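The structure under discussion appears below in the form of structure tokens.
Laboratory data are not the source of any read-out in this text; all were calculated from the coordinates shown. This one's a predicted model, so the numbers in the text were calculated from it and none came from an experiment. Backbone-built Cβ (ideal geometry, glycine too); neighbour counts: all protein chains shown.
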Amino acid sequence: MRFLLDAEQRAFAGSLDAMLTAADTPSVVRDWSRGEHTSGRALWSRLAEAGVFALAVPEEYGGLGPRPVELAVAFVELGRHAVPGPLVETVAAAAVLAALNDTGPAERLLPALSSGESAATLATGPYALDADMADVRLTVAARDTELRLAPPPGRPHPSLDPARRLFEPAPGGELLAAGPQVAEAVAHGLTWARLATSAQCLGGGLALLDRTVAYVRQRTQFGVPIGSFQAVKHQLADAKTALEFARPLLFGAALSMTPADVAAAKVTASEAAYATARTALQLHGAIGYTAEYDLSLWLTRARALRTAWGGPEECRALVLSSGDRRW
């Protein structure tokens, strides 16, 4: 089966690519890593104007969605440019709020998330991403039976990716919803989070591959570009194959939105991006280890996203439990 974007979707991806290229996202990422959010907030507003966050919000709450295919298109570009911030978390929070039986929290919070006026984070475990800049901090407690609006957090914890700032959710906060409906809504939000993360992984992997191909054409050994060596070609071909295999799984999952399909896309895209990151690091040599070199922004992101919203083992277990024995 072939998954080809239509003209409108390709134009959407192209417009985001042009916007993000002009935004000089590496400098935005470095600002964000230091806790300086001004440039990131400005970029967030531009993404909202382009309709990125509205794709996860139903029309009755001021959004354009739910439109998971277009959301995947957008997040491939966000991953390609390593855009920082609680992007996935805002999508997940929107999905959780929209899935609640009680429409009160959705009516109150979703319009601002759709317009970009607010950013959200969602903590289903010990940490909340970018809780210091998020306006809406959702926490799930009491064995997934309580959804709360948490107060501001304390100091950040060390993170593998400096641009992914981790905070312990502050205890307490306003109770938004309670009961079994919370667990169901959180499961729905997790599916959306994994889809968006898969798309980010694919985009990040493609960026790593493009940068590495450009580098091996310039770097020389024995008087010739190292890209002419057969071993280098094989490594890059393997990375390209893995990423291209992940692409149809991603868009197939966006069409079906079943938890198993999305989990399959997550493990495939994240493993492909991680393998591409390792290849990129090896072919760049020592320069790839330096934080000052832009490649590091994608290297650390690929490693962090590999386990975000469900690592390979968890996603494979979900696929296997669904009866799909290909994994």
Practice prompt. Quick one: which residues, 5+ away or cross-chain, put their amide H under 5 Å from the amide H of Leu166? H built at 1.01 Å from N.
Written response: Asp130, His157
Practice prompt. In a Gaussian network model over the chain where Cα atoms closer than 10 Å are linked, find which of Arg108, Arg306, Arg30 has the largest mean-square fluctuation.
Written response: Arg108
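After finding the eigenvalues of the alpha carbon gyration tensor for segment 185-321, what semi-axes result from the square roots of 5 times each, listed largest first in whole Å? If you can, show how the numbers build up before the last one.
On the way: eigenvalues 198, 42, 22 Å².
Three semi-axes, in Å: 31, 15, 10.
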Worksheet entry | Scattering curve values for the chain, log₁₀ I(q)/I(0), Debye with Cα scatterers, q = 0.09, 0.11 Å⁻¹ | -0.45, -0.67
Discussion item. Through the Karplus equation 6.51 cos²θ - 1.76 cosθ + 1.60, θ set to phi - 60°, convert the phi angles of segment 187-200 into ³J(HN,Hα) values in whole Hz; use x for Gly and Pro.
Written reply: 4, 5, x, 4, 4, 5, 5, 5, 4, 5, 5, 4, 5, 4
Practice prompt. State, to one decimal in nm, how far the label point of Ala291 lies from the label point of Ser322, with both points 7 Å from Cα in the Cβ direction.
Written response: 3.9
Worksheet item: Across segment 201-213, in residue order, what do the Karplus-derived ³J(HN,Hα) couplings come to in whole Hz, using 6.51 cos²θ - 1.76 cosθ + 1.60 with θ = phi - 60° and x for Gly and Pro?
Response: 4, 4, x, x, x, 5, 5, 4, 5, 4, 5, 6, 4
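Restricting things to Cα coordinates, could you compute the convex hull volume per residue of segment 61-119 in Å³?
Cα-based convex hull of segment 61-119, divided per residue, equals 74 Å³.
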Worksheet item: Separation between the Ala22 and Arg143 pseudo-spin-labels, each 7 Å from Cα along Cα→Cβ, expressed in nm?
Response: 5.4
Discussion item. Using Stokes-Einstein with the Kirkwood hydrodynamic radius over Cα pairs, what translational diffusion coefficient do you get for segment 242-308 at 20 °C and a viscosity of 1.002 mPa s, in µm²/s rounded to a whole number?
Written reply: 168
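What is the extension gain from Glu168 to Gln218, computed as 0.36 nm multiplied by their sequence separation minus the C-alpha to C-alpha distance, in nm to one decimal? The partial results should precede the final answer.
Values: separation 50, 0.36 × 50 = 18.00 nm, distance 4.43 nm.
Extra length from Glu168 to Gln218 when fully extended: 13.6 nm.
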Worksheet item: Taking amide hydrogens as modeled 1.01 Å from N in the peptide plane, which residues meet the under 5 Å criterion relative to Ala177, leaving out close sequence neighbours?
Response: Leu147
Discussion item. Check which residues have an amide H placed less than 5 Å from Gly310's amide H, if you skip close sequence neighbours.
Written reply: none
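Based on the Cβ-Cβ distance of Asp238 and Leu160, what FRET efficiency does E = 1/(1 + (r/R0)^6) give at R0 = 25 Å, to the nearest 0.05? Working shown, then result.
Values: r = 24 Å, r/R0 = 0.97.
Calculated transfer efficiency: 0.55.
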Worksheet item: Based on Cβ point charges of +1 for Lys and Arg and -1 for Asp and Glu, what charge dipole magnitude is obtained for the chain about its Cα centre, in debye rounded to the nearest 20?
Response: 1220
